[in-house]
Structure formats: C-alpha cells, structure tokens
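Single-structure report; data block below.
The values are calculated or read from the model by the stated rules, or taken from the named source; none is laboratory data. Computed from a prediction, not measured in an experiment: that's the story for all the values here. Every residue, glycine among them, receives a Cβ derived from its backbone with ideal geometry; neighbour counts consider all protein chains shown.
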Amino acid sequence: MTKFFQLLASGLALGAIYALVCLGFVVIYRATGVINFAQAGLVVLGAFMVYNATFTWGLSFWLALLVGMLFGAALGIIIERLVLRQMVRQPLHAILLVTVGVLLLVEPIVTTIWRSPQPSIDTPFELDKLEIGDVRILQISIAAIVIAAIVLAAFFLFFRYTKYGVAMRATAVDQEAALMQGINVNGIIALSWAIAGVVAVLGGAMLGANAGPKTGLGVGIGIIALKALPAMVLGGLDSPGGAVVGGLVIGVAEVLAGGYYAEFAPAWLKPGFHQVLPWIVMLVVLLVRPYGLFGTKKVQRL
Amino acid sequence: MLRVGEDSAAPLLAVRNLEVVYGGAITVLRGVSLDVSRGAVVALLGANGAGKTTLLRAVSGLLSVHAGRVERGTIELDGESILGEPTPDIVRRGLAQVMEGRRIFAELSVDENLRAGAFTRRDSDGIRDTHAHVLEMFPVLAKRLRDVAGYLSGGEQQMLAMGRALMANPRLLLLDEPSLGLAPLIQQQIRGIVAAIAAEGVGVLLVEQNAMLALSVASWGYVLEGGQVVREGAGQELLDDEEIRAAYLGTGEHGRRSFKDLKTYRRRRRWSG
C-alpha cells in the first residue's frame, strides 16, 4: 500500500501539471476553435525562463515563478498577435500547422540561448520529503499539486463570476453575437492566450523542478507537455473542468502503469510502455467517445 | 457658417446612399437612404435577399465579419458618423441589435446573458436599474434567471435576446425578424413590447417578414428590393397599398394567394429590380 500511495502522489503531481497545461489548450480552443500545439513550446520556454531567473539572475524560486508567469502571458499575447492573428479566415488545417511550426521553432531557440539539458530548477524544497507513516512524498510534488489547485480555483472563479469570465464564455458560444454585445473579441482571444501562457510556464517550471517524475530540464519536457493533449481529449476539448479531470486521470494512470510495470505487465510489453499510455487512452477515447467526458457533443473532430 | 442638421431635429439614425459589396464582387445594397427618429418604430420590409440584414450589418459594424464592405454612402447616429467603427464602439455609442435567429448564449444562464448585454457599461447603479426594468418588461425571464438559456422556449429566447439588447441601454435598437418562427400569440406580445420600447424614446428599426405585424406597429415603413428602397410611406398607408398587400401580406385583389403564387411573384419582382 505504501508504494501505491507514493505512486498516487507522484501521479497526482504529474496530473496537476497536465491539468495546468491542458487548461491552456482548452481556453484557446474555446476562444478560437484551434488546438494550439505551440502550447507545449510555451511550456519549454517557460521552464527555461524560470531556470534563467533563478540560476542566472539569482531570484528566489517564487519570485522566478512570478517573473515566468508574466513572461508567459506576454509571450502568449505576442505569438497570437504576430502569428495567429495573421491567419484569421484561413482554413483550420493551415492554422493548426502554423501552431506546429511555432512549436518546432522552440527547440532551436532554447538550445541556442541556454543549451539543453540543464540542471533542474532549484526550489526551496530540494529533495525534502513529507513522511506520513511509511509513505514518503517529495515536497515539490505537493507544492505542484497545491499551486495547480490554487491557480485552477482562481481561474474557475474568474471564469464563472467575473464580467470578463462571462465574456469569455459568451465569445466561445458565438463570436459575432458577443461582438454585438460590445465584447472586444480580439481582446478575449488575447486574454485566452495570456492565460494559456501563464499555465504553460507554471507547468514547465514544475516539470523542470522534477515535481512529477524525474524529468530534468531539457527540450524533452515539450514531449511530456504534449501529453496534456490526451488529457484534453479525455476531458472533452472545450471543457475547463474536463481539463482538470482529464489531466489528473492521465497523470495518475501513467505513473501507476510505470510503477506496477514489473509486477503486472505481460512479458511482451517493453518497459517504458507507461509513457505512451496517455496516447493509447486518447485513441480509445477518440474511437469510443470523441467528445470526451465533459465535452460538447458537437465537438467531434480534431 | 450656418450648419443645419446637427440640432435635435437631426434623425437618430440617418443612412444615406449606402452601397455595400460582399467579397469585392456582389453588390447587395445600391444606394439606400433611410431615417429612424427617436421614439419611432420604422419597419424595413422586403423578400429574402433584398438586403435587409445587410443594411443592419452595415449600421452595427458587422459587415467585416461577413467579408462585406461599404463602398459608398454615410451612416450617422445622432449626427455623428459611425461608418467603419468597430462594433464595440458603436454599441458604446448607444446602438444595440437583436440578430436574426436570436443568437442567445445557449450555454450561459439567463442572467449571464443579460449581464453580457451590459458589457460596455461601467455604471453599476444604472445596470441594476436597467436589469430591474428588463425583468419588469419580461416577467418570464425573472422566473428563470438561473436557468441555462438554451433550455428556454423559442419565444422566451426571443424575449431574452431583446432583454439582453436593452441591457446596453440603447438609443437605437435594431430588430432582425423578432417574430420568426413564433406562435401568433407570442408574436402579438413581441409587437406590444416593441411599441413599449419605442414609447420610452428608443428608436427602433424593425426588419420583418411578417409585414402585417411590422406595419401595424411602425409609424413609417421602407420596402427594399434588389438592394434599393422601392417604396416608403406611413405604416397605415403601406398597409392599405394594394401592391404591398399582394407582395408581402399574402392578399391581393383576388384575396389570399397560395404560398406558391407568392413565391413566384416575389422572385419575379426581385429579378426585375
């Protein structure tokens, strides 16, 4: 049982990171109907930015997180303005490919500025563990879960109760009707990108600080961040609540599958199988229930 | 220099010689002029494709969403040009529109729909007053504030769309086919509400397929065909006009025509325009 709880904690931490990154996918999908592959690139850039702020500039971890979030929001708005805004009224597949292009640009940019991989991001927790009986959980994992919970709760309060939250939801339903209420639709899209940038940086910083499995800080965390996509599909593409549930389920499933591999996996299954498990889940969801757990039924294509 | 037309006698909405082209090729409006005064209901009649919705889009700044462009002409609200301004700015200047098909935010609650309508306003006291006034005008909404708007009936959704538009506290209200697809009883309710809105001093431009309904509440009416105003006159005058009756009211010198006859008649008229 000890092992199970330790894996569960690690899985929830990874799931919390997926949930954060996934929320970024969802808000942009809702505002524009585009699955923004560049989100994974924002995660990588965010992680390196936070690393830069702690290691090079010598800021404390928390201050670095704050700087990183501002950077992420600005970067999101800039990418939307410079790249995606130019693609208005272009066919969807062209826009999707442009976001893939932005994602592919990130790796050369990061390796030019910082080189990759780097040492993990320094945190105040180092490798300290919280011990409950025999169960030992990394404090950074708990921090990741708590931070994600706070940020997601703040987002949901904003989304449900504020004027701009209502405007965001109205814009997702009907852009022209939202415009006719005087809602600045371009502003709402920029806001969505800013939110996506903030959650991407937080997710990236957590991955770079080894809050989930030991991933270290390198361009490879972009591949991990992309697993927020299966979480998005499972949650239902356009549902922020679904992003959280999908992220947690995918994270826990992945870590449990990795932890119990030796005991239960059949011999023909190679180690490392757990890393592709999220993609298998995604395929199954797409085949069986394309609108996911909480998605609008009309959403049926990627 | 003597400047005329900028005093209070200037119409609330003044459209002059408006030409609109879609996609750089298809001319939909060919020199339309039209006035709406404060507190007046003005009906805009015409068959499908005559350019009624295009005119509303031009006024509310939504043409660009549909790849349309104003080629010539002017649009003034209270003596100031609103041509080419972004829709949110036009809304801020006191224009609201109920679009065809109601276009309520189906996933939002009734109350959230209403609050979205007040998006451009910052006077929270004023918003509260308008909110109370709208609920007074549409008691059916007051009972269902927390409900998801998508679950309302068609009539209730139309009331919500009108209430949402009124939340902006507009000087000019554009209504695109408010009675479409609704039962006669609900249509009569809508008619009464339109009259009440105008009685409060709001100018109303009413686009309707149901010409009988529109002309019975309107003080003035325009008939649009092939992108041009082919007739205009007082509501009652148009109601009594034999040709108008034949084309838009389904009755002519031979009494009620069949729907099929009416369609051919309209088509002939449209192409001859």
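For the reader, a short list of remarks on this structure follows.
- Pair list, Cβ under 6 Å, 6 or more apart: segment B:114-134 residue facing chain A (nearest Cβ under 8 Å) and over 20 Å from B:GLY150 (Cα atoms), other residue outside any helix (DSSP H, G or I) and modelled with pLDDT of 95 or more: B:PHE119/A:GLN181; B:PHE119/A:GLY182; B:PHE119/A:ILE183; B:THR120/A:GLY182
- Residues that are over 18 Å from B:GLU85 (Cβ atoms) and at the interface with another protein chain (Cβ under 7 Å from one of its Cβ atoms) within segment A:167-186 comprise A:ALA167, A:ARG169, A:ALA170, A:VAL173, A:ASP174, A:ALA177, listed in sequence order.
- 1 or more residues within 14 Å of chain B (Cβ to nearest Cβ) and in contact (Cβ under 8 Å) with a residue 40 or more places away in the chain: qualifying helices (runs of 4 or more DSSP H) within segment A:206-302: A:240-259
- Subset tally (residues that are in contact with a helix residue (DSSP H, G or I) (Cβ under 6 Å, 6 or more places away or on another chain), at pLDDT below 90 and within 20 Å of A:ALA149 (Cβ to Cβ)) for segment A:206-226: 2
- Those strands (runs of 3 or more DSSP E) of segment B:143-244 in which at least 3 residues are at pLDDT 90 or above and surrounded by 20 or more Cβ atoms within 10 Å (Cβ to Cβ), considering only elements entirely within it, cover B:172-176, B:203-207, B:220-225.
- In the condition set (1) outside any helix (DSSP H, G or I); (2) surrounded by fewer than 20 Cβ atoms within 10 Å (Cβ to Cβ), A:LEU70 is compliant with all but (1).
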